[in-house]
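The structure appears below as structure tokens.
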Amino acid sequence: LFLLFLLVAYFPVLLPFFHLKNDILTQNLPTRFVFAESLYSGYEPFWNPFLHYGNPQYGDMNNGFWNPVQWLIGATTGYNIYSITFEELFYILIGGWGMYKLSKEFFNKNIALITGLAYICCGYITGHLQYLCWITGTAYFPFVLLYFIRINKHPLIKNFLWGGIAVFLFVASTHPGLIIGAAYFFAFALLIIYFNRKGFAEELYHQKFWLMNLLFLFIGCALSLVVIVSNVDVLQYISRGDKVSLEQTLWAPTTIQSYISTLLPLPVHKSGFFNTDIGMRNVYIGLAHFVGLILLFRYANRKILLSIFIPLLFFILLSAGGYFKTIAWNFLPFIGYVRLNGEFTYFVILILLFAGAAGLSCSLSNNVDDRKKILSILKWCCLAIAVVVVLLSVTTRSSIVFVETIPGGSFKSNIKSVVDNLSIWDLFFLQAVIQLFCLYLLRKWIANKKRLLTILCLNLAIITWLTLPFTGLGMMSKKDVQSIINVFPRGISTQPLVAINEAEYISPADESQFLLIASYSKKIGNPQPDQYPVQLRSNVNFIRDTTLFRYINKQPFIFLSSDTVINSITNYDSATIHVIRSGPGYTKCIVKNDNSKWLTLLQNNYPYWEVKVDGNIVNHYTGFKTFISVPITAGEHTVEFSFEPRTIKTAMWVNLALLILSLTLLRTTGIANKRLFKR
């Protein structure tokens, strides 16, 4: 059922005419593409040589390097526009399924079902399709929360182990902002359970409550060892290892006015009134849960309402930026490292869905007339909105009906023309009519569960379809996107010894959708600085020195020089340097040197690089502010550059052993079902 619903709701994503756009194409796909190409060509994928002159991929917290799904795709089909599309849909699917299983811990099957389906189409996911590293988090976090609940209900070994595995999947794949938000979410959850241990949270409180949850944290950290070690390793070297500026910390909030989208999501995609990035405005949770929120205030007691309202208000204000985020930036741990405020809106959506589900659950034992009354009120509100916006459209002549002509053309161009010419009043009217019709049917068939579910699902699917042109899909066909990526044959081959300015790169018509052309072209160096947020500090200093940057662009990826400063005499004649093999984290060449003193490889001089000259490890240095330079004597030499992150590899094998041990114990029924703590 979940798979069928996903295919219907996200059918436009599957169509060949459109592609997932923005960050997923400009950042996520190129880094995964290099990852897969490295595996295909027999290189270890720990180092990406084509991004900012080399980055340690394992510490790229924007990439989800340790995500097992990424390794599976990278080692099999490889990465292209098709595989990354199916990967993202997979995350949305399992996120909905996880939300369903989590909701079943508290509510009946029907409420859990509509909660899971609403999660698949919630405004956070449809609005943030371009942010793959956020979508991966929405896939795994419901399972982390599920086993947190199960551990506190039934402290069995299997719940701790599955919970630890869920934590690993979450932290290995998602963006640090969601991990930071999750820490605050769990802090609220622990306090709510503790302070309501003699009330509605009694089932979740154990006499060794704090010890149990400390053990859960320890197991989660142990099974995420390699992620922790990798992040600690790179934080001291990358530009994003410091707090963002106060100005940056207020970027891209989910503004308070954006909460119009809880009932009417379409209008938030037009107008500067919402005062934020278009991807941060949608917080739709579906009609069922919107009605459930109203019912919750009707039936729930004050303690339940306070337990929901306090964390909800915290995350609403945190994601809204402004004074609250400024205070949080100054005083709350780790908040100052998150640049896009709208990321925290995920926890707003999560709380709203649970609150709505709780309201629906409370109403089931009460008179159906209350539900009918709320549906009637909402129906009349939508009707009033439709009438008002028609009057405003006529008065201001701001509507598509006043556009003289919409040029005819292909299916895609017609869609684009319509979307471009729609005004905010058109979207208000369209959304109000859709909600009005659905509310009418919901009230009419309120006693028929199957019809109710059908209407609610259609509502979610239709709104998803209408939302995707604004925030999810680009106008190029998948075939056209892939044809640009396929300019160079699969695999990583040795790069020709030509100057960076003269190297051959992909040349898309719209370069804004293919920013990391060096990664797609599998070339070290880029005539223009790469537009990617994760960058080594030494490389930042190099990019800022425009004179040095222009000088390096006149060199190939490896060259001899008289010194390691600007205007040094260089030599890269093929008779002087013969590159035997070059790829991610490894370059081997034969050098016939006469008068030069240095050999420089245009890769950032990050720890773990080793250089061998004629089979012997030699000291190497940082040349031209960031690159690997090695002194070289006259004569013929065999030189090898290799990236050897032994600490990371050790952590990887230990982590893998712990995961295998956990899975083995889970297969042993006698151990898995053993209770660790008795009541």
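The values are calculated or read from the model by the stated rules, or taken from the named source; none is laboratory data. All figures in this text were calculated on a predicted structure; none of them were measured in a lab. Quick reminder, even Gly has a Cβ in these numbers, built from the backbone with ideal geometry, and neighbours come from all protein chains shown. Accessible surface areas use protein heavy atoms only, side chains included; no ligands, DNA or RNA. Shrake-Rupley method; radii C 1.70, N 1.55, O 1.52, S 1.80 Å.
Look at (1) touching a Phe, Trp or Tyr at 6+ places or on another chain (Cβ under 8 Å); (2) surrounded by fewer than 24 Cβ atoms within 10 Å (Cβ to Cβ) and you find that L72 fails only one, number (1).
Summed over the stretch 75-98, residues that are open to solvent by 10 Å² or more (accessible area, probe 1.4 Å) and among the β-branched types (V, I, T) total 3.
Here is a list: D510, D573. Which entry is over 30 Å from D23 (Cα atoms) and either acidic (D, E) or without any contact (Cβ under 8 Å) to a residue 60 or more places away in the chain (or both)? Don't jump to the end; show me each part of the working.
On the way: D510 fails: over 30 Å from D23 (Cα atoms).
Within the list D510, D573, the selection yields D573.
Within the stretch 187-216, can you find the residues that are within 17 Å of P155 (Cβ to Cβ), among the hydrophobic types (A, V, I, L, M, F, W, C) and in a helix (DSSP H, G or I)? Working first, answer last.
Looking only at the stretch 187-216, we keep the residues that are within 17 Å of P155 (Cβ to Cβ), and these are 189-190, 193-194, 197, 201-216.
Within this subset, residues satisfying the condition of being among the hydrophobic types (A, V, I, L, M, F, W, C) are 189-190, 193, 201, 204, 209-212, 214-216.
If the condition is that a residue be within 17 Å of P155 (Cβ to Cβ), among the hydrophobic types (A, V, I, L, M, F, W, C) and in a helix (DSSP H, G or I), then A189, L190, I193, L204, F209, W210, L211, M212, L214, L215, F216 are the ones that fit.
Elements of the type helices (runs of 4 or more DSSP H) sitting completely within the stretch 396-505 and holding at least 1 residues that are free of Cβ contacts under 8 Å to residues at least 24 places away in the same chain and open to solvent by less than 40 Å² (accessible area, probe 1.4 Å): these cover 411-421, 424-444, 449-471. Taking every residue in the stretch 553-570 that is at pLDDT 95 or above and open to solvent by 10 Å² or more (accessible area, probe 1.4 Å) and pairing it with any residue that is outside any loop (DSSP other than H, G, I, E, B) and of a type in the set (D, E), at least 6 positions away or on another chain, yields no pair with a Cβ-Cβ distance below 6 Å.
Within the stretch 155-170, is there a residue that is of a type in the set (F, W, Y), touching a Phe, Trp or Tyr at 6+ places or on another chain (Cβ under 6 Å), open to solvent by 10 Å² or more (accessible area, probe 1.4 Å) and under 20 Å from I310 (Cβ atoms)? No, the stretch 155-170 contains no residue that is of a type in the set (F, W, Y), touching a Phe, Trp or Tyr at 6+ places or on another chain (Cβ under 6 Å), open to solvent by 10 Å² or more (accessible area, probe 1.4 Å) and under 20 Å from I310 (Cβ atoms). Entry remark, the stretch 363-376: residues being free of Cβ contacts under 8 Å to residues at least 24 places away in the same chain and surrounded by 13 or more Cβ atoms within 10 Å (Cβ to Cβ) number 1 in total.
When every residue of the stretch 583-590 is checked against the conditions, at least one turns out to be at negative phi and in contact with a Lys or Arg (Cβ under 6 Å, 6 or more places away or on another chain). Would you check if there is a residue in the stretch 479-498 being under 16 Å from Q528 (Cα atoms) and in contact with a Lys or Arg (Cβ under 7 Å, 6 or more places away or on another chain)? Checked against the condition, which is being under 16 Å from Q528 (Cα atoms) and in contact with a Lys or Arg (Cβ under 7 Å, 6 or more places away or on another chain), the stretch 479-498 yields no hits at all.
Listed conditions (1) modelled with pLDDT under 90; (2) exposed (fewer than 14 other Cβ atoms within 10 Å of the Cβ) are all met by W380, apart from (1).
Here is a list: K325, K303. Which entry is in contact with a helix residue (DSSP H, G or I) (Cβ under 8 Å, 6 or more places away or on another chain) and of a type in the set (K, R)? Step through it out loud before you land on a result.
Details: K303 fails: in contact with a helix residue (DSSP H, G or I) (Cβ under 8 Å, 6 or more places away or on another chain).
Going through K325, K303 in turn, just one is in contact with a helix residue (DSSP H, G or I) (Cβ under 8 Å, 6 or more places away or on another chain) and of a type in the set (K, R): K325.
Of all residues in the stretch 3-33, those being surrounded by fewer than 18 Cβ atoms within 10 Å (Cβ to Cβ), over 20 Å from the mean Cα position of the chain (by Cα) and in contact (Cβ under 8 Å) with a residue 24 or more places away in the chain number 6. Screening K153, K158 for residues that are basic (K, R), on the phi < 0 side of the Ramachandran plot and touching a residue at least 60 places away in the same chain (Cβ under 8 Å) leaves exactly one candidate, K158. Considering each residue of the stretch 208-261, count those that are farther than 30 Å from L661 by Cβ, touching a residue at least 24 places away in the same chain (Cβ under 8 Å) and of a type in the set (V, I, T), and give that number. Qualifying residue count, the stretch 208-261: 6.
With surrounded by fewer than 12 Cβ atoms within 10 Å (Cβ to Cβ) and among the polar types (S, T, N, Q) as the only criterion, which of T638, T633, T626, T647 stands out? Talk me through it step by step, then tell me what you get.
Details: T638 fails: surrounded by fewer than 12 Cβ atoms within 10 Å (Cβ to Cβ); T626 fails: surrounded by fewer than 12 Cβ atoms within 10 Å (Cβ to Cβ); T647 fails: surrounded by fewer than 12 Cβ atoms within 10 Å (Cβ to Cβ).
Unique residue meeting the criteria: T633.
Which residues, counting only those in the stretch 300-336, are closer than 21 Å to I135 by Cβ and touching a Pro at 6+ places or on another chain (Cβ under 7 Å)?
Of all residues in the stretch 300-336, those closer than 21 Å to I135 by Cβ come to 315, 318-319.
If the condition is that a residue be closer than 21 Å to I135 by Cβ and touching a Pro at 6+ places or on another chain (Cβ under 7 Å), then S319 is the only one that fits.
Scanning the stretch 171-197 for residues that are of a type in the set (V, I, T) and within 15 Å of L306 (Cα to Cα), which turns out most open to solvent (accessible area, probe 1.4 Å)? It comes out as I192. Evaluating N593 against the criteria (1) out of contact with any Ser or Thr (no Cβ under 9 Å at 6 or more places or on another chain); (2) crowded, with 18+ Cβ neighbours inside 10 Å leaves one unmet condition, (1). Of the residues making up the stretch 27-60, those that are hydroxyl-bearing (S, T, Y) and closer than 16 Å to K649 by Cα are Y43, Y58.
The combined condition, being within 26 Å of P529 (Cβ to Cβ), surrounded by 22 or more Cβ atoms within 10 Å (Cβ to Cβ) and touching a residue at least 40 places away in the same chain (Cβ under 8 Å), is fulfilled by A36.
If you go through the stretch 102-118 and pick out every residue that is within 22 Å of I165 (Cα to Cα) and open to solvent by less than 10 Å² (accessible area, probe 1.4 Å), you end up with 3. Taking (1) in a loop (DSSP other than H, G, I, E, B); (2) open to solvent by less than 20 Å² (accessible area, probe 1.4 Å) in turn, Q531 satisfies each apart from (2).
Remark: K243 matches the filter, which requires a residue to be open to solvent by 30 Å² or more (accessible area, probe 1.4 Å) and in a loop (DSSP other than H, G, I, E, B). Name the residue that is most open to solvent (accessible area, probe 1.4 Å), counting only residues in the stretch 602-622 that are assigned to a strand (DSSP E or B) and in contact (Cβ under 8 Å) with a residue 60 or more places away in the chain. Taking the candidates together, the pick is T622.
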